[in-house]
Amino acid sequence: MTFQFSFQHQFAEQHFSMAAHLPNNGVTAVFGRSGSGKSTLLNVLSGLLAPQSGKIILNERLLLDSESKCYVPVWKRKVAMVFQDARLFPHLSVQQNLLFGATNSAITSRFTQLTTLLGIAHLLQAKPNTLSGGEKQRVAIARALLSEPQLLLMDEPLASLDLPRKREVLKYLNQLSATIDIPIVYVTHSLEEVMHLADHLLVLDKGQVVDFGTVEEVWNGPSLALWQEGERHSTLLTATVAERHPNYAMRKMNIAQHSLWVPEQDFTDKVGQSMRIRIDAQDVSVTLSPNLVGSIRNVLPVVITGISPLNSHSNLLTCSLNEQLLLKSNLTQWATDDLGLHVGQKVYAQIKGVSFTQQNLANY
């Protein structure tokens, strides 16, 4: 099965030229600055914008081909979109909203499944003005899927929600993405949403695709360091829940041949379950020898692979755990000089267990 696009379009002085071959299922997050082309990409994929040239193929079906003058209109594309605003019909009940545009086969086969999966089965007779923001978005997602699309587009669907509602919907989206077998293109400004939800990450800048790959590949690469002050220097690793401490509310996470102890966040996590761990560079310190009597429980042997200046007083160290795994550390220039740090040096990375919060851990 194929899902690929390429197109060029000119808006006044702004030029867009994008191409990618995306997975045919799972969630591809689209990330970039304002004006990078995220909305333009969604509009082209949905059919709301006809680019000046390009081609789109979805499930071996040609949706756009400028050379052969093929252009499938919006209503025939089998593409659904969920917006930042749920856009429910205020005079209709939740059930009536869900049935609007639903196919007969979806009503028969998927209505109960989706309303149960998204936790809205008890809201069917309610009107939209009685729902929370998170409930409205879950109804909007179910309505989109009941049209039986071959592609689901989501345009910052959690941007208008407060943090508790955002995490509530993220939980349902995580379950949903593992259940439905269509590609989901998910536009967001939030790296937390990317970490919790996405399988792949597409990075846009100035109307171009500048990076694409698995979330871990792109996150740990150079493209995200172009922006996102405060979040840009971190490492994303996949770990496995190995065991729970018999005396303390801590769990051991295995990362390749290494392990970390992190605080309990969710007691439903099972031994053997895969999780993502974000390690912020500011939470990683470096020592020349393992401190066996210190308070820090997580001490990992690493090799310095890079030292880059961040400003006049601090550096970003990149350290290798092995050939595939990297850690990043923010250190002052004073500490760098005092320890005599250099590329190729074997040192020990220290990570405080208390630095791992709910924002740093994601079920996967």
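Please state the relative contact order of segment 235-363 as a whole percent: Cα pairs under 8 Å, 6+ residues apart? The normalised contact order for segment 235-363 reaches 29 percent. Under 18 Å from the 7 Å Cα→Cβ point of Ser34, by amide nitrogen: which residues of segment 153-178? Answer for segment 153-178: 155-161. So what is the diffusion coefficient of segment 25-94 in µm² per second by Stokes-Einstein at 10 °C and 1.306 mPa s, using a Kirkwood Rh over Cα pairs? Answer from the Stokes-Einstein relation: 112 µm²/s. Within the shell of other residues whose beta carbon sits under 15 angstrom from the beta carbon of Leu63, the net charge comes to +3, with Lys and Arg scored +1 and Asp and Glu -1. May I ask which of Lys55/Lys78; Lys171/Lys352; Lys38/Lys78; Lys76/Lys171 have a Cα-Cα span longer than 24 Å here? Too far apart for the 24 Å limit: Lys171/Lys352; Lys76/Lys171. Helix 133-145 axis versus longest C-alpha principal axis of the chain: approximately 60°, rounded to the nearest ten. When the helices of the chain are scored as -39500 (n - 2.57) per DSSP H run of n ≥ 4 and the total is divided over every residue, the value at 222 nm lands at -5500 deg cm²/dmol.
With 0.36 nm allotted per residue and the present C-alpha distance subtracted, the Asn174-Val271 stretch has 33.0 nm of extension available.
Only residues of segment 76-91 count here: report those whose backbone N is under 15 Å from the spot 7 Å along Cα→Cβ of Ser160, or say none. Counting only backbone N, you get 82-91. Note on the chain: with charges restricted to the Cβ of Lys and Arg (+1) and Asp and Glu (-1), its dipole about the Cα centre is near 840 debye. Taking other residues whose beta carbon is less than 12 angstrom from the beta carbon of Ile296, and scoring Lys, Arg as +1 and Asp, Glu as -1, yields +1. With viscosity 0.692 mPa s and temperature 37 °C, the Kirkwood radius over alpha carbon pairs of segment 235-363 converts through Stokes-Einstein to a diffusion coefficient of 215 µm²/s. Of all DSSP-defined beta bridges confined to the chain, some 80% are antiparallel rather than parallel.
The residue among Ala121, Pro23, Gly133 whose Cα reaches farthest toward the positive pole of the charge dipole of the chain, with charges on the beta-carbon of Lys, Arg, Asp and Glu, is Ala121.
The slack in the chain from Lys127 to Asp181, taken as 0.36 nm per residue of separation less the alpha-carbon distance, amounts to 16.4 nm.
Entry note, the chain: relative contact order of 15 percent, from Cα contacts under 8 Å with a spacing of 6+ residues.
Counting neighbouring beta carbons within 10 Å and listing from fewest to most, the residues Cys319, Cys70 come out as Cys70, Cys319. Taking other C-beta atoms within 10 Å as the exposure proxy, His233, His313 rank His313, His233 from fewest upward. Rank these for me by crowding, Thr235, Thr2, going from fewest to most other beta carbons within 10 Å. The order, fewest Cβ neighbours first, is Thr2, Thr235. Across the options Asn220, Asn315, Leu158, the greatest Cα extent toward the positive end of the charge dipole of the chain (unit charges at beta carbon of Lys, Arg, Asp, Glu) belongs to Leu158. In plain terms, the chain from Thr240 to Ala12 could stretch by 77.1 nm, reckoned as 0.36 nm per residue minus the Cα-Cα distance.
Modelled spin-label separation between His342 and Leu92, with each label point placed 7 Å from Cα along the Cα-to-Cβ direction: 7.0 nm. Placing a label point 7 Å from the Cα of Asn59 along the Cα-to-Cβ line, the residues of segment 169-192 whose backbone N sits under 12 Å from it are 181-183. At most 14 other Cβ atoms within 10 Å plus a DSSP loop assignment makes a site exposed; report the longest stretch of the chain without any exposed GluC sites (Glu not before Pro). Answer - 68-228.
Since every read-out is calculated from the coordinates, none of them should be taken as a lab result. Just so you know, these numbers come straight off a predicted model, no measurement behind them. FYI the Cβ positions are ideal-geometry reconstructions off the backbone, even for glycines, and counts take in every protein chain you see.
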